[in-house]
Structure formats: structure tokens, C-alpha cells
Amino acid sequence: MEAVVLAAGKSTRMKSETSKIFHHICGKPVIFYVLEAVKEYKTHIVVNRRDIDSVKKMFKNSDVHIQEEPNGTGGGLKAALGFIKSEYFVVVNGDTPLIRQEDIKQAEETFKYKDLDCLVMTSYLENPYGYGRIIKNKDGVKIIEEKDADDETKKIKEINSGIYIFNTDFAKENIIKIMNNNKSREYYLTDLVQFSEKTDTLIIDKENVMGINTRAQLYEARKMMQMRIIENFDSVTFISPESTHVNYGVEIGKDSVIFPNVHLRNKTRIGKSCIVDTGSVICDSIIRDNVHIEPYCVIEASLIDSNSQIGPFAHLRPQSDIKENVKIGNFVEVKKSTLSKGTKASHLSYIGDAELGEDVNVGCGTITCNYDGYKKNKTIIGDRVFIGSDTQLVAPVTVEHDSLIAAGTTVTKYVEPYSLVLSRVPQVNKEGWVKKYREIMEKKCKSKKD
Ligand code: UD1
Ligand code: CA
């Protein structure tokens, strides 16, 4: 069997500059899921001129055909039909992302077993509005579109899913019979069905047939897809699945716990026994085992090794390489930096373009001054360096291992191992100074008033 995916429509009801097949559900375009369901077969995607380059780039394993004029799903099939070589083929509307591989498999088996020319996959919907209705009589099966249906037909609850299997010769012989004498002035693929004498329907789960025409349907489909993805993680605890966003393809290890309002995006991988607390957004990152991400962290394209603790309110920007047992606390921003084993940056710091050794203590308010207005410069900190609070490290600069930087220091020069670094103005205390000052000021104010 080969597969044809129809994706050349105008997407009018989506009210978007972007075709509906490219709108995202759980991190992937709608059409991606359709192609997943037919990935066992050679696939032909029918697209319009505007989308052809993007589709070709995204789906290199499919043949892509152009439908010059969006004159209906019948016209869509026509654009691919000449290229079909298998005895029969499945057609799937490109806007039905919830369809499952098993459904298509079952349809193929039924089609073969019953030796059909046409099999229509249908479903029963409580609210069938917008879908083509299935009419069965002694001549076979006929599909009437919502727009062309009379009141009686509109009451029918069995709908066309937009997924069909056709015998190739039958389709090639009969496609020319499709006319556009309907309300939309379109060539309906659904009209092909009535020309077959060996037709049957296969009822599939209503959860799997939803077509996406509008934003509301996109939202509904996203919710359903999200639940499917989450239900697949049967060794992970989701405190509130309905508020959690986990993209397609994300991995999460056993006994990890995901709190409400967490977003796990793109190619994120979470290890075993991790906690990702409320409101954290993790994108394209690898988190090893037993890591605790406290609430409201943003982590992008970074690596966090086992037993580390991040947040709350930490921001790891791309290429942050956090080794084992590291602690990154409140309001710490890290960018393109390595923090080696056991290092701590517990409060209010900016660490950019830096390499920190093992067991470094980064005091509160430490800043790597990595940008000179022209380029980014590196800060290198050796093992066991103690950086006192409110330190500025003016890069490029190196502080060798076991040094101690006193609080309030601005480091601008190379520091040898085991050094104390101090750059403060010596402290001066003037006893009784405030008393005298007040006396003088109060006298002055009084004479002004007089
Ligand atoms: C279609 C069916 C309807 C079915 C429903 C299921 C027809 C005439 N109607 O209606 O019976 O219940 O799907 O979801 O087929 N497309 C093209 N070229 C075109 C027009 C559309 O390739 O000229 C593509 C679209 O991009 C889309 C798919 O075909 O992916 C279906 O088109 P759409 O306009 O969404 O059809 P529906 O009105 O939903
Ligand atoms: Ca549709």
C-alpha cells in the first residue's frame, strides 16, 4: 500500500498566514502526526505552491506533489494519483493528526479481506457538524457534505473521517467523473466513493478522527494529543497532567515527578528520579538522574548532570554545562559556561562565558563582566576558589585554584593559586562624626527658617 496525504487546502477557517498543516501540536506540525501514522508506506504529500519548499525540506522521505489550484480534495488526489504504483492506496486528510497507525493497519486488513474497491473510515459523533455524513443504501455508500446536506441528512451522526482506501485502478478510472456541481464549487474526493460497487465502512474511535479546520479544533486536538503523550509515561508521576506541556519526543526517566505548569520542549531528556517543580520551562536540554529543578526555572539547550539542584527562578541559557552535585540558586543566570562538580552559585549571579572548576563557591551578587562592547571574553576559575559576595570578574581573566577573592572585589588581573585577592578601598571609621554633622545641619536649617 502507498499513502496520499492531502495538504494543499487554503486553510481559510484557520484565519492564519500559515497553512493549518504547519500549526503546532505538542511541538510538531499537524501534518507530522499524519505522516507518523502512515510511515510504513511510501507516502505522497499533496501541497500548494506556497508550501512546497517547506514540506520538501521537512519531510525528505516523502514524494511531494503540487496541486496548482485548491479546487477541492478531489483535485488534491488527482495531483498524486498518476504516481501511485501499488494495487491500492490510503488517502488521509493532512489535518487529522489524531489518526493512529493501528487504525490504518486495521483498515488495510479489512480492505484486503473483503476485497473492496473503496473503504471509508467513519465514526459516530454526538455533534457531527462540519463533517461529511455517511449515507448507506442498497447502491452502496454516499457522502454528503455539511454545506450540501438537507435537514434530514444533517441529523446523521456517522461521519466521514477523511481517510479512505481505494483500489488504484478503480480510482484512476473514476476520478474523472467527479464534478463540482455543489455549494462550494469544489471537486469533492468524497464523490468518488459513490462510484464504487464494492464499498464498505470501518468505524474507528471518535477520538482519532478529529479534523482541524479552526483554532478551537486545534486546541481540542492539542489537549487530546497531550494526554496521549503523558499517558505513555507510565513510570512518571504528573501532579497535574492537564496543566503540563510535554512535547512529542521528550523522554522522562522512571520515578521522576513533574509538577503543574511545567513545559518540556523539543528534544528534552529528563533522567530518573528527578523533580521538575511548578512553572519550569525546559527546552532542548539533557537532565541526568536525581536532579531537582525548583519552581520557575528556564533552561535552554543545556546539560545538567546527576544530583544537581537548580532554582527557584534560575535561568540557564544555551550551552550551560552543569556537572554533578552543583547547586544553582535563586536568580542566577548562567550562559555558555561550565560549572564543575560540587560548585555552588546560590544567589543572584551572572555567570557567562566562564569555566568554573570543582567546589567553587560563587558568592551572592558575583558577575562575570564578559562583554567589552565588541566581543565576549572568558573567565576561568580554578578548583576550590572562594568568590566573596559582590565580586566582578572582568574578563578575560583567570583565577587559579584555591584562591580567595574578598567580597566586593573587582578582579582585573591574573591570580596565582592560593592567593587572597582584595580590591577594596580601606575602610575608615570616624567616631562621633554623625552627631557633629547633625548639629551643623540642624543649625543651618534653623537659621534659614528664621
Ligand atoms: C473533508 C471531507 C469531509 C470529512 C472531513 C473530515 C471532502 C469534500 N470533505 O472536509 O467529508 O468529513 O474532511 O475531516 O473531502 N485539501 C487539498 N486540496 C484542496 C482542498 C483541501 O489538498 O483543494 C486538503 C486540506 O489541506 C486538508 C484536507 O484536504 O488537509 C481536507 O480538506 P478540508 O477543507 O479540511 O475538508 P473538510 O471540509 O474538513
Ligand atoms: Ca478538515
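Data for the structure
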read-out: Pairwise label distance in nanometres, Tyr124 with Ser184, each label 7 Å out on the Cα-Cβ vector; value: 2.6
read-out: Kirkwood Rh and Cα Rg combined as Rg over Rh, evaluated for the range 210-250; value: 1.02
read-out: Sequence-separation-based contact order of the chain, relative, with Cα cut under 8 Å and 6+ spacing, percent; value: 8
read-out: Principal semi-axes in Å for the range 191-320 [√(5λ), Cα gyration tensor, largest first]; value: 38, 15, 13
read-out: Cα shape, the range 101-203, gyration tensor, a/c 1.5 rule; value: oblate
read-out: Coarse-grained scattering of the chain at q = 0.06, 0.12 Å⁻¹, given as base-10 log I(q)/I(0) from a Debye sum over alpha-carbon atoms; value: -0.44, -0.97
read-out: At most 14 other Cβ within 10 Å, DSSP loop - chymotrypsin sites (Phe, Trp or Tyr not before Pro), the range 1-102; value: Phe83
read-out: Relative contact order, percent, the range 2-215 [alpha-carbon distance under 8 Å, six or more residues apart]; value: 26
read-out: Förster radius 30 Å - calculated FRET efficiency between Asn266 and Lys42 (Cβ-Cβ, nearest 0.05); value: 0.60
read-out: Sulfur and carbon atoms: percent of accessible area, the chain [1.4 Å]; value: 50
read-out: Accessible area, probe 1.4 Å, largest first, for residues Glu242, Glu17, Glu324; value: Glu17, Glu242, Glu324
read-out: 0 to 90° range, to nearest 10: angle between helix 433-449 axis and the chain longest Cα axis; value: 80
read-out: Candidates per trypsin sites (Lys or Arg not before Pro) in the range 1-84, loop by DSSP, up to 14 other Cβ within 10 Å; value: Lys10, Lys15, Lys39, Lys60
read-out: Estimated D of the range 243-335 in µm² per second, where Rh is the Kirkwood radius over Cα pairs and Stokes-Einstein applies at 25 °C, 0.890 mPa s; value: 200
read-out: Rounded FRET efficiency, nearest 0.05, which uses the C-beta distance separating Asp169 from Ile239 and R0 of 60 Å; value: 0.60
read-out: Computed E for Ile440/Lys378 - FRET, C-beta separation, R0 51 angstrom, nearest 0.05; value: 0.50
read-out: Label-to-label distance, nm, for residues given as Asp390 and Thr410 (7 Å Cα→Cβ offset); value: 1.4
read-out: For the range 1-66: accessible area per residue (Å², 1.4 Å); value: 47
read-out: Stokes-Einstein D (µm²/s) once Rh is taken as the Kirkwood radius of the range 2-215 over alpha-carbon pairs, at 25 °C in 0.890 mPa s; value: 143
read-out: Cα pair distances in the range 360-444, grouped into 10 Å bins until the bin that holds the longest one, percent each; value: 17, 39, 16, 12, 12, 3
read-out: Alpha-carbon Rg with Dmax, taken over the range 1-101, Å; value: 12.5, 38
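The values are calculated or read from the model by the stated rules, or taken from the named source; none is laboratory data. Since we're looking at a predicted model, the values are computed, not measured. All Cβ positions, glycine included, derive from the backbone under ideal geometry; neighbour counts span all protein chains shown. These area figures cover heavy atoms from the full protein model, side chains too; ligands, DNA and RNA do not enter into them. Shrake-Rupley method; radii C 1.70, N 1.55, O 1.52, S 1.80 Å.
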